[in-house]
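The values are calculated or read from the model by the stated rules, or taken from the named source; none is laboratory data. All values derive from a computational prediction rather than experimental measurement. Ideal geometry is used to build each Cβ from the backbone, glycine not excepted, and the neighbour counts take in all protein chains shown. These area figures cover heavy atoms from the full protein model, side chains too; ligands, DNA and RNA do not enter into them. Shrake-Rupley method; radii C 1.70, N 1.55, O 1.52, S 1.80 Å.
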Amino acid sequence: MREPRFTTVLNSSKNALLTPANCILCDTNNSYNSMACVDCTKDLPWNTVYCNQCALPMDLLENTSDICSDCLQSSPLFSYSRTAFHYQFPIKQLIGAFKEQQNTLAGTLLSQCLVHQLLLDDSLLELPPEILIPVPSHKSSVHKRGYNPAEVVAQKIGKGLSIPVAEHWILKQKKSPKNQKSLPAPQRKLNLQQAFTLSAQGLEQLHKFYRVAIIDDVMTTGSTANAMASLLLGAGVREVIVWAIARTP
Ligand SMILES: [Zn+2]
Ligand SMILES: [Zn+2]
């Protein structure tokens with residue numbers, strides 16, 4: 001039996017992940033020139049069997065179609081999604097450290113893992129998006145946090161895959177209400193549609209792009225991506241895809 005992993009995340013204090021000479025997940029000496037050791041990287045909850053359209057983790061044995069029942073019933077506006085991980089320990093804790101504690105090492109590791117996962121995908125190499133658009137945060141959240149996590153991820157993915165990032169082409173008008181999840185689906189959809197708007201620059205530029213990727217940290221139901229896809233397609237983009245660090249079950 002292998003020794004327990006992710007001890008650094010388990011003991012996560014604000015600065016626990018700030019020792020880049022060692023593996024940032026188990027704090028053992030990391031002889032490889034990467035942020036996490038080989039054993040930890042292997043043990044992470046990679047999302048390898050998923051709905052092709054919304055990246056929902058699926059059971060390999062029960063899997064008769066590569067599209068989940070929700071997407072079969074009501075097809076999202078984006079054509080496919082890829083996420084690196086299941087949103088569970090220790091990814092949940094790493095994303096928390098990145099989003100709530102300004103832990104940039106955690107953000108870098110997670111983004112590197114997503115780049116790694118995307119590079120394994122043949123369809124990406126054949127038909128890459130021409131531009132990356134991060135899910136915008138409301139300006140009060142950006143002010144409070146100092147940055148928009150999705151934008152940081154988009155910059156790192158863009159650098160890793162040599163794809164430009166468009167910031168502020170889509171703006172978030174309204175803060176998401178705290179009780180959003182408890183609202184009936186049609187109301188939630190309407191709130192989301194009203195939450196986003198195109199900036200003047202977005203309106204001017206977007207029709208020049210055929211394929212655009214929305215970038216997010218955590219993909220939950222896909223309804224945020226769907227609301228953004230609706231705006232992008234309306235602006236003249238021909239195909240929208242979604243890339244995120246993690247997907248909730
Ligand atoms: Zn390790
Ligand atoms: Zn699906």
> Which distance in Å, rounded to a whole number, links the C-alpha centroids of the stretch 177-240 and the stretch 35-81?
Replying inline: 21
> Relative contact order (percent) for the chain, with alpha-carbon contacts under 8 angstrom and 6 or more residues of separation?
Replying inline: 21
> Based on the alpha-carbon gyration tensor of the stretch 37-148, what equivalent-ellipsoid semi-axes (square roots of 5 times the eigenvalues) come out, in whole Å, largest first?
Replying inline: 26, 19, 15
> So if we plug the beta-carbon distance of HIS168 and ASP122 into 1/(1 + (r/R0)^6) with R0 = 45 Å, what FRET efficiency do we get, rounded to 0.05?
Replying inline: 0.90
>> So if each residue of separation counts as 0.36 nm, and I subtract the Cα-Cα distance between GLN187 and GLU204, what length gain in nm does that give?
In response: 3.1 nm
> Any idea of the accessible area per residue across the chain, 1.4 Å probe, to the nearest Å²?
Replying inline: 52
>> What number do you get for the stretch 143-249 when its Cα radius of gyration is normalised by 2.2 N^0.38 Å, N = residues?
In response: 1.08
> What distance in nm separates the simple spin-label points at GLN101 and THR197, each placed 7 Å from Cα in the Cβ direction?
Replying inline: 3.8
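I'd like the antiparallel share, as a percent to the nearest 5, of DSSP beta bridges with both residues in the chain.
Taking every DSSP beta bridge with both residues in the chain, the antiparallel ones total about 25 percent.
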> Regarding the stretch 88-138, what is the average projected area of its C-alpha convex hull, in nm²?
Replying inline: 4.7
> Ratio of the chain's C-alpha Rg to 2.2 N^0.38 Å, to two decimals?
Replying inline: 1.01
> By how many degrees, 0 to 90 and rounded to 10, does the Cα axis of helix 104-119 deviate from the longest principal axis of the chain?
Replying inline: 70
